[in-house]
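These notes concern the structure reproduced below.
Taken together, the values in this text are just the output of simple stated rules run on the coordinates, not laboratory data. Everything numeric here is computed off the predicted structure, so don't read it as measured data. Virtual Cβ from ideal backbone geometry, glycine too; neighbours counted across all protein chains shown.
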Amino acid sequence: MHKKPRYKTCKKHKIFDNLLNQNFCVKEKNKVWCTDFTYMCQNNGRTRYNCTIIDLYDRSVIAFVNDEHINTELAIATLRESLNAEKIQRD
């Protein structure tokens, strides 16, 4: 049996307003994206983390990135992959 990974308590992040209000019906592509983080235990006892971004319009996966750590860099890397995949200009 695998143990859950240990987490460090850090400075709390900003909490954002709930703009969707649980209305997940989107009428245009690339208007609302969601992200999910999950961990995967490997046979060698190590843990990998996956960050996936999906488009709520059609529930398609825009991008996903795996890493050894679950952190801001993983989220940013996945967002960059999504922006590149959808050819969206960023400032």
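Extension gain for F16-T38 works out to 5.8 nm (0.36 nm per residue, less the C-alpha to C-alpha distance). With contacts defined as alpha carbon pairs under 8 Å and 6 or more residues apart, what's the relative contact order of the chain in percent? Taking the mean separation of contacting Cα pairs over the length of the chain, I get 20 percent.
Using a Gaussian network model of the chain in which every pair of alpha carbons under 10 angstrom is joined by a spring, one finds that among D55, D17, D67 the greatest mean-square fluctuation is at D17. Evaluated with a Cβ-only charge set (Lys, Arg +1; Asp, Glu -1), segment 33-85 carries a dipole of roughly 120 debye about its Cα centre, given to the nearest 20. Between segment 1-39 and segment 68-91, the C-alpha centres lie 14 angstrom from each other. Each residue, T72 and K87, gets one label point 7 Å from its Cα in the Cβ direction; the gap between the two is 3.2 nm.
Which residue, S82, T47, V65, has the largest displacement toward the positive end of the dipole of segment 33-85 when charges sit on each Cβ (Lys, Arg +1; Asp, Glu -1)? Checking the options against the dipole of segment 33-85, the answer is T47. Using DSSP to define loop residues, name the trypsin sites (Lys or Arg not before Pro) in segment 18-66 whose beta-carbon has at most 11 other beta-carbon atoms within 10 Å. Here the trypsin sites (Lys or Arg not before Pro) that fit, given the DSSP loop and packing criteria, are K27, K31, R46, R59. Each other residue within a Cβ distance under 13 Å of A75 adds +1 if Lys or Arg and -1 if Asp or Glu, for a net charge of -3. Taking C34, C51, C25 in turn, the Gaussian network model of the chain (Cα-Cα springs below 10 Å) assigns the largest fluctuation to C25. Working from Cα positions, state the angle (0 to 90°, nearest 10) between the long axis of helix 72-85 and the longest principal axis of the chain. For 72-85 against the chain, the angle is about 40 degrees. Taking 19 Å as the straight-line reach from the Cα of K11, none of the lysines fall in range once those fewer than 8 positions away in the same chain are excluded. The charge dipole of segment 1-68, taken about its Cα centre with unit charges on the Cβ of Lys, Arg, Asp and Glu (plus for the first two, minus for the last two), comes to roughly 460 debye.
Cross-link reach is defined here as a Cα-Cα straight distance under 29 Å, omitting same-chain residues fewer than 8 places apart; for K27 the lysines meeting it are K14, K87. For the options L74, L19, L56, a Gaussian network treatment of the chain with springs between C-alpha atoms closer than 10 Å singles out L19 as fluctuating the most. Once the gyration tensor of the Cα atoms in segment 1-81 is diagonalised, the equivalent ellipsoid follows with semi-axes of 27, 17, 12 Å, ordered largest first.
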